[in-house]
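The structure under discussion appears below in the form of structure tokens.
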Amino acid sequence: MKNQQLKLRMMIVTALFAAIIGVLAQMTIPLPLVPITGQTLAIGLAATILGSRYGTLSVILYLIIGSAGVPVFAEFSGGVSKLIGPTGGYLVGFLPTAFIIGWFMEKRGFNFKNAVIANSIGMLVTLTFGTAWLKIAADLSWSAAFAGGFTPFILVGLIKACLASWIGVIVRNRLISARLLFTEEKDQTKSA
């Protein structure tokens, strides 16, 4: 397959994952300060399946679409105000999260064990960005921001990290086998 065709295919897959993030963002459990959403699961899936480059590009595309006002953020919301509001840190934190998950797996191998480690680290990155932003945007104390923006999400975050790892590695392997996903790096796809 020609290089241009490969790039086009990866651009299409990247756009598809931006849409998947938008769809899973609508799975919401409301909480007082910050809702639990499917966004972080989708970010983990994108990075686990696509790696650092295309996983991060799918997040960038998702954030651009949402910032433009398309209601792809949690609770069918959109606009720049969401990025600068109290929960904007989580959205911004998705960028380093996707990159770190993909980068870690590219360096260590695309298997379940590495995916769980990478997605757990990614979850902590998202929560750290979100909590710091929540503290500043909502003018909270560190203890209040931590109690409202970090602690309630640890267990759910670890569950989503495991789900993203399990589903992501399986889907990645199947997409590669079906020649629908092409990678530049060497995969270590066997479970460790």
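Compute the acute angle (0 to 90°) between the alpha-carbon long axis of helix 112-137 and the principal axis of greatest extent of the alpha-carbon atoms of the chain; round to the nearest 10°.
Helix 112-137 sits roughly 30 degrees off the main axis of the chain.
Of the options F129, S177, A47, report the single residue whose Cα projects farthest towards the positive end of the charge dipole of the chain (beta-carbon charges: Lys, Arg +1; Asp, Glu -1).
S177
Fewest first, what order do L31, L63 take by the number of other Cβ atoms within 10 Å? List each step's numbers first, then the result.
Working: L31 12, L63 20.
Sorted ascending by nearby Cβ count, the order is L31, L63.
Anyone know which of N119, N173, N111 comes out most mobile in the 10 Å Cα GNM of the chain?
In the Gaussian network model the winner is N173.
Once the convex hull of the C-alpha atoms of the stretch 42-103 is built, how many Å³ does it hold per residue, rounded to a whole number? All intermediate terms of the calculation are to be shown ahead of the outcome.
Numbers: hull volume 3.9 nm³, N = 62.
Expressed per residue, the convex hull around the Cα atoms of the stretch 42-103 is 63 Å³.
To the nearest µm²/s, what D does Stokes-Einstein give for the chain at 20 °C and 1.002 mPa s, using the Kirkwood radius over alpha carbon pairs as Rh? Spell out each step's value before the answer.
Working: Rh = 16.6 Å.
Answer, rounded: 129 µm²/s.
Quick check: residue separation of A178 and D139 times 0.36 nm, minus the Cα distance between them. What number comes out in nm? The partial results should precede the final answer.
Working: separation 39, 0.36 × 39 = 14.04 nm, distance 5.01 nm.
Taking A178 through D139 to full extension adds about 9.0 nm, to one decimal.
From a point 7 Å beyond the Cα of M27 in the direction of its Cβ, which residues of the stretch 52-81 have a backbone N at a distance under 16 Å?
Only 73-76 fall inside the zone, counting backbone N under 16 Å.
Please give the direction-averaged projected area of the C-alpha convex hull for the stretch 79-122, in square nanometres with one decimal. Numbers along the way, then the final one.
On the way: hull surface 13.2 nm².
For the stretch 79-122, averaging the hull's shadow over all directions gives 3.3 nm².
Where is the GNM fluctuation largest for the chain (alpha-carbon springs, 10 angstrom cutoff): L140, L127, L50?
Looking only at L140, L127, L50, the biggest GNM fluctuation is shown by L140.
With everything on Cα atoms, drop me the angle between helix 39-67 and the longest principal axis of the chain, reported from 0 to 90° to the nearest 10.
50
Quick query: amide H of I36 versus all other amide H atoms, modeled in the peptide plane; which residues come in under 5 Å with a sequence gap of 5 or more or a different chain?
Under 5 Å from the amide H of I36 lie the amide H atoms of I29, L31, each far enough along the sequence or on another chain.
If Lys and Arg each add +1 and Asp and Glu each add -1, what is the summed charge of the other residues whose beta carbon sits under 15 Å from the beta carbon of A25?
Working: positive: K82, K160; negative: E75.
For residues surrounding A25, the net value is +1.
Rounded to the nearest 500, what is the chain's calculated 222 nm mean residue ellipticity when only DSSP H runs of at least 4 contribute -39500 (n - 2.57) each, over all residues?
Numbers: 7 runs with 135 residues, N = 192.
Theoretical 222 nm ellipticity from helices: -24000 deg cm²/dmol.
Mind telling me which of P96, P30, P71 comes out most flexible in a GNM of the chain, alpha-carbon contacts under 10 Å?
Result: P30 has the largest fluctuation of those listed.
Laboratory data are not the source of any read-out in this text; all were calculated from the coordinates shown. This structure is a prediction, so every number in the text was calculated from the model and none was measured. Note: ideal-geometry Cβ built from the backbone for every residue, glycine included; neighbour counts use all protein chains shown.
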